[in-house]
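Everything on this sheet refers to the single structure shown next.
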Amino acid sequence: MSGSSSGRPAEISSAPLQPHRASPTPRIVAPAPAAPLIDPFQRAITYLRISVTDRCDLRCVYCMSETMNFLPRRDLLTLEELDRLCGVFIARGVRKLRITGGEPLVRRDILHLFRRLSRHLGTGALEELTLTTNGTQLGRFAAELADLGVRRVNVSLDTLDPDKFRAITRRGDLAVVLDGIAAARAAGIKVKINAVALKGVNEDEIADMIAWAHGLGMDMTLIEVMPLGEVEGERTDQFLPLSLARARLERRYTLTPLPDRTGGPARYVRVAETGGRLGFITPLTHNFCESCNRVRLTCTGKLYMCLGQEDAADLRSALRASPDDALVTAAVLEAITRKPKGHDFVIARQRPAAVPRHMSVTGG
Ligand code: SAM
Ligand code: SF4
């Protein structure tokens, strides 16, 4: 190690600043501000999605199999550990957190995590704290979430037909979700509806759902089915290309592309007839990776740098190995150097699914 005769490292020498002929000018280096997370393709990582549980009170046919084996609870990060990890990311420039799952609102004491994280909204370190939910628990939690600074929420809803809803979710009650949406709106939370486009299931309903959502002032986003995890049936039977859905919508609506970008996969249009905004998430027919600003943390502390790739970093070991954040910060920095350029999903009539993880593990 280089150092001065006083034993003080040369780079933090406090020697006077006057020019010095005999020896090189001493350099004074201020303590480095925590470097932001920049991946090898110069993408800044400012958005973390956190799956707080792999469990859910529903079993949507495209997301889970009927008989899921859930993780043992002891494998899960505690809420305190999740809070600590989020703090590490926020210290490195992450500005947006999305809590997801499984169903985030079925995790016990989940509001405790929101309470802890909301302090970063107070300091301004965090721009947005939000969640993706199936809406079944919003009736209970919406008011408190709003008090904690949640301004927007994504609610996943694929149909407005109660029987279809029960069939898609294998057990859900549409009325409960609609009440949850109403509770969120009453609490002043902006709701966006996410609907997975499903061949032969809701494809004829999409235009009416848009009219409903926009009529209530809610944005809506359509999602293509992704080959994540094993489910009953064939993916190709569920897959409806959004290019087709869009062409059909254009028979009824005038769609004008918008420049809006979130660093994510959605591309937006304005629907002239409703005045509302409609998003399309098309990972299979369109590549959105070049502007990807996000990484995903599972409830067991695995960090996935890409939803569509298997590579992951184990942050739980680093977190538990030391009460100091240095180790886990180093693990995060190393993981970001492994963020791939993009995914390569393939929908094909073959097993296993292109990515063996269910969406409920990595978080949607
Ligand atoms: N339970 C919450 C919910 O449903 O909103 C949050 C987790 S869920 C995994 C997040 C989103 O992923 C939902 O909008 C859901 O429709 C979507 N999703 C799940 N599996 C999917 C798949 N295989 N392809 C595309 N979207 C999927
Ligand atoms: Fe549960 Fe959401 Fe998956 Fe449906 S999409 S099974 S609500 S995690």
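A single member of 326, 331, 335 is at pLDDT 80 or above, buried (at least 17 other Cβ atoms within 10 Å of the Cβ), among the hydrophobic types (A, V, I, L, M, F, W, C) and farther than 21 Å from residue 42 by Cβ, and it is 331.
With respect to the conditions (1) within 16 Å of ligand 2 (Cβ to nearest atom); (2) exposed (fewer than 14 other Cβ atoms within 10 Å of the Cβ), residue 196 lacks only one, and its number is (2). Quick check on region 207-220. Is at least one of its residues part of a helix (DSSP H, G or I), closer than 20 Å to residue 266 by Cβ, in contact with a helix residue (DSSP H, G or I) (Cβ under 6 Å, 6 or more places away or on another chain) and modelled with pLDDT of 95 or more? Yes: region 207-220 contains one or more residues that are part of a helix (DSSP H, G or I), closer than 20 Å to residue 266 by Cβ, in contact with a helix residue (DSSP H, G or I) (Cβ under 6 Å, 6 or more places away or on another chain) and modelled with pLDDT of 95 or more.
Here's the yes/no breakdown for (1) away from ligand 1 (no atom under 16 Å from the Cβ); (2) out of contact with any helix residue (DSSP H, G or I) (no Cβ under 7 Å at 6 or more places or on another chain); (3) open to solvent by less than 20 Å² (accessible area, probe 1.4 Å); (4) closer than 27 Å to residue 321 by Cα:
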position: 59; (1), (2), (3), (4): no, no, no, no
position: 90; (1), (2), (3), (4): yes, no, yes, yes
position: 94; (1), (2), (3), (4): yes, yes, yes, yes
position: 104; (1), (2), (3), (4): no, no, yes, yes
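Residue-level analysis places residue 180 among those that are touching a residue at least 12 places away in the same chain (Cβ under 8 Å), part of a helix (DSSP H, G or I), within 15 Å of ligand 1 (Cβ to nearest atom) and buried (at least 20 other Cβ atoms within 10 Å of the Cβ).
One line per residue, one yes/no per condition, for (1) farther than 29 Å from residue 175 by Cα; (2) touching a residue at least 24 places away in the same chain (Cβ under 8 Å); (3) among the aliphatic types (A, V, I, L, M); (4) in a helix (DSSP H, G or I):
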| site | (1), (2), (3), (4) |
| --- | --- |
| 86 | yes, yes, no, yes |
| 94 | yes, yes, yes, no |
| 99 | no, yes, yes, no |
| 111 | no, yes, yes, yes |
| 121 | yes, yes, yes, yes |
| 126 | yes, yes, yes, no |
| 129 | no, yes, yes, no |
| 144 | no, yes, no, yes |
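The values are calculated or read from the model by the stated rules, or taken from the named source; none is laboratory data. These figures come from a predicted structure and were not determined experimentally. Here the Cβ is made from the backbone with ideal geometry for all residues, glycine too, and neighbour counts use every protein chain on show. The area values use the complete protein model at the heavy-atom level, side chains included, leaving out ligands, DNA and RNA. Shrake-Rupley method; radii C 1.70, N 1.55, O 1.52, S 1.80 Å.
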